[in-house]
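Please read the structure below before turning to the comments.
The values are calculated or read from the model by the stated rules, or taken from the named source; none is laboratory data. Not measured: the values here are computed from a predicted model. Note that we place each Cβ from the backbone using ideal geometry, even for glycine, and neighbour counts take in every protein chain shown. These area figures cover heavy atoms from the full protein model, side chains too; ligands, DNA and RNA do not enter into them. Shrake-Rupley method; radii C 1.70, N 1.55, O 1.52, S 1.80 Å.
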Amino acid sequence: MAIQIGVVGPHDLVDDVAATCEEQPGVRARRFDYDHESQAPGIVEAHAATVDAWLFTGVVPYTLVREAGVLTRPATFVDYTGATLLQALVRLLRDGHDVTRISIDTLATSEVTGALSEAGVPVGRVRVLPYRPGLTSDDVVAFHRRQRGSAGTSVAVTCLRSAYEVLRDEMPAFRLAPSAHSVRVALRQLILHADSQAQEDAQVALGLAEVSGSDEGLLKEAAALGGTLARYTGGTHLIVTTRGPLHDATAGFAALPMLRRLADRHDTVHIGFGLGRSAAEAESLARRALARARRIGSVAAVLSLRGDVDIVLETTAPAPAPADGNLGIIAQRVGLSVTTLQRLREVRAAVGPAPLTTRDVADRLAVAQRTARRMLHRLELAGLAERAGHLTSGSSGRPLTLYRLTL
C-alpha cells in the first residue's frame, strides 16, 4: 500500500518537490500549494485525514504549522543547506553575480559560512538573517533592503516566495529552491518516521466493558471502533481493536462518545481500555483501567498505558465540589484544573456571545499564547468550544482562529 505524502509549499515549488517524491517506489504525493506561507496551517488542518505524512518545501511553513498545533501526522521540511546552497552559488556565478557580497535569509549563519568557506568563497561581506519563530516576510524584505543600502550586497538570496515577489522589483534577487538531493534526504527521513508511526498505530488495544442488564449496544459500539466483541468473564465483554481506530474515536484520547450512548441504555457502564505492544500487555492494562473506572463512579471510562499512565476518557460521576457545578467532571475530561475552568467561565461571561482569539484568552488568563491554544483545543475536542472563523490582522502573520466558549 502506497504512503500518501502531502507536499505543502508555494505553487512554483510544490510540483517539483512532489515529482521528486514520486520517484520513490510506494510513494504518492498530494500537492497543496498556497499563495502565502501563513496559509499553511489552514491547509494542514483541513486535509489532515487525507495523508499519512507531511513534507514542507521549507522551514518557514513547517514552523508555522507546528506553532499552530495542528500537526497530527509525521512531518518534516526540506533543508536548503548543503547541495541546495552550492547549487545556488553555481547559478549566481553563471549569471555574473558577485557571490562574496550576498545577503541571505532563513538559513543559519554557521551553515551559510561553512558551505561558502568549503567552496573557497570569502565570507567577510556575506550577510545572513537566520530564521526565528515569528519572523515574517516583511522582516525578510526589510533585512535585504538594509543590506543593499549599507553593505552594498550584489544580490538578495531568499527562501520565501512572498519576499522574492517584492524584492525582485527593487534589486537583483534570487529565489532559493530545494535541490532534488535535499528532497530525497528529507523524504527518506519522513518515510522512516511515518513507518514508525504506523507501527505504533498498530498497537493492540483491548477494552473490557461491563454494563448493567443486557449487552444492548455494545456490539454496535465495538464495530464503530473497527473491532470485535466477545464475552470475557462473567458479565464483562472484551473489545478487540488497535490503537489507530481507538485514537480517532476518542479524538486523540480526549473523550469517549460511546460511553454517553451506552449510559442512555444502562444505569452502570464501566469501560477500561489497555494499549500495549502485545495482547497480554494490553489485557493487563485493560484490567487496571476497568478497576479504576469502577472506583470513579457508576459511569466511567479509563485508558491505561504503559508506565502507570491512566487517562480518564469520560465520566458522569458527581463533581467533587458541589459549588463548582460540573467543573470537576469537565476538568477530568479535558485535563485542565477546576481553577482554570472557572477563569475561562469568567472570560466567557465577560465577553458574552462574542468570539475570542487565542491571544484574547492568553491576555485575560496571563498565560502564553501557546498555552491558551492548547486549552482551547482541548475544550474544542470535548465539545466545550467551537470555531467561529478567523481574524485577519491585515499583516503577513498567520490569521488568528476565533472561538466561542460553551462550557
Quarter of the Cα convex hull surface for the stretch 205-280, i.e. its orientation-mean projected area (nm²): 4.7 nm²
Order 289-301, 209-221 from most to least packed using the mean count of other Cβ atoms within 10 Å. 289-301, 209-221
Segments 153-162, 229-238, 34-43 sorted - mean Cβ within 10 Å per residue, highest first: 153-162, 34-43, 229-238
Dmax and Rg, reported as Rg then Dmax, of the stretch 170-310 (C-alpha, Å): 20.9, 79
Once Rh for the stretch 47-99 is found with the Kirkwood sum over Cα pairs, what is the Stokes-Einstein diffusion coefficient at 25 °C and 0.890 mPa s, in µm²/s? 186 µm²/s
Scoring the stretch 325-385 by relative contact order with C-alpha pairs under 8 Å, at least six apart, yields a percentage of 30 percent
What percent does the relative contact order of the chain come to when contacts are Cα pairs within less than 8 Å and at least six residues apart? 10 percent
Among Ala108, Ala53, Ala75, which one shows the biggest mean-square fluctuation in a GNM of the chain, springs joining Cα atoms closer than 10 Å? Ala108
log10 I(q)/I(0) for the stretch 19-138, Debye formula on C-alpha points only (no solvent), q = 0.10, 0.13, 0.16 Å⁻¹, two decimals, reads -0.40, -0.65, -0.89
What's the Cα-based Rg to Rh of the stretch 17-66, Rh via Kirkwood? 0.96
Please give me the summed charge of the neighbours of Ala88: other residues whose Cβ is under 11 Å from its Cβ, Lys and Arg +1, Asp and Glu -1. +2
So for the stretch 114-158, using the alpha carbon gyration tensor with a ≥ b ≥ c as root eigenvalues (a/c under 1.5 gives rounded; past that, a/b versus b/c decides prolate or oblate), I'd call it oblate
Working from the alpha-carbon coordinates of the chain, get Rg over Rh, Rh being the Kirkwood radius. 1.07
Quantify, in whole percent, the carbon and sulfur part of the accessible surface of the chain (1.4 Å probe; protein heavy atoms only). 50 percent
Once the principal axes of the Cα atoms of the stretch 108-220 are found, what is the range along each, listed largest first in whole angstroms? 83, 31, 21
Kirkwood hydrodynamic radius for the stretch 91-135: how many Å is it when counted over pairs of different Cα atoms? 11.2 Å
